[in-house]
1. Based only on other Cβ atoms within 10 Å, what is the fewest-to-most ordering of Met153, Met21, Met16?
2. Arranged by the count of other C-beta atoms within 10 angstrom, fewest first, what order do Arg181, Arg114 take?
3. Once each part is reduced to its C-alpha centroid, what is the distance from region 138-159 to region 1-70 in angstrom?
4. So how much slack lies between Ser115 and Tyr23, counting 0.36 nm per residue of separation and subtracting their Cα-Cα distance, in nm?
Amino acid sequence: MVGTALFFLFAGFAIMCAISMVYHKNPLYSAVSLVGVFIALSCIYVMLAAPFIAAVQILIYAGAIMVLVVFVIMLLNLEDEDRPNRLKFLYAIGGGLGVVLLAQTLFVFYAVMRSPQAPSDQGVTAGKTLSIGQAMYTEYLLPVEIVGVLLMMAVVGAVMLARRLSQAHLELVVEGELDRRNEEEKLDEPRISF
């Protein structure tokens with residue numbers, strides 16, 4: 001009874017932090033909310049008798065990875081900018097791709113449910129690479145697919161952040177530097193006056 005109540009408490013906290021992470025427009029607030037999600041997940045891991053995974057969750061994700069994320073946010077110097085209206089057609093494309101992803105997820109769920117479930121002796125197979133691989137691609141195929149989609153979204157987000165500095169802004173910087181150099185050269189030229 002207490003375990004169930006604690007699970008719902010930590011799961012609710014993780015969901016609230018995740019909603020807060022998506023809701024905030026300031027990336028630093030979102031990063032702090034993500035730390036809350038990591039902490040709640042580590043508490044759930046402790047409840048599941050996996051203290052090593054809980055410690056790794058806190059040390060690696062809530063510690064090192066979030067420090068890296070905060071440094072990247074600070075280095076990017078993200079400013080509030082208006083979203084261009086010229087890309088509204090991408091909402092329809094994104095919705096269509098979301099429907100395709102939902103269909104794929106339902107297909108994977110259906111395929112996993114239809115696969116035969118053979119009992120195994122955990123004393124013999126626990127921790128072996130073959131048993132981990134079989135479990136990962138049969139019983140846990142849906143979570144593996146979800147992690148793959150999340151990693152793909154992270155790569156797309158990194159590319160979008162890298163493209164934030166537009167070409168026109170770079171050209172303005174180069175033109176300003178060239179103008180400044182030309183003015184310096186004109187001042188350094190010797191002039192003869194009659």
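1. Met153, Met16, Met21
2. In order of increasing Cβ crowding within 10 Å: Arg114, Arg181.
3. 19
4. Values: separation 92, 0.36 × 92 = 33.12 nm, distance 3.89 nm.
Gain on extension, Ser115 to Tyr23, equals 29.2 nm.
We did not get these values from a lab; they are worked out from the coordinates using the rules stated. Everything numeric in this text was worked out from a predicted model, so none of it was measured. Every residue, glycine as well, gets a Cβ built from its backbone with ideal geometry; the counts of neighbours run over all protein chains shown.
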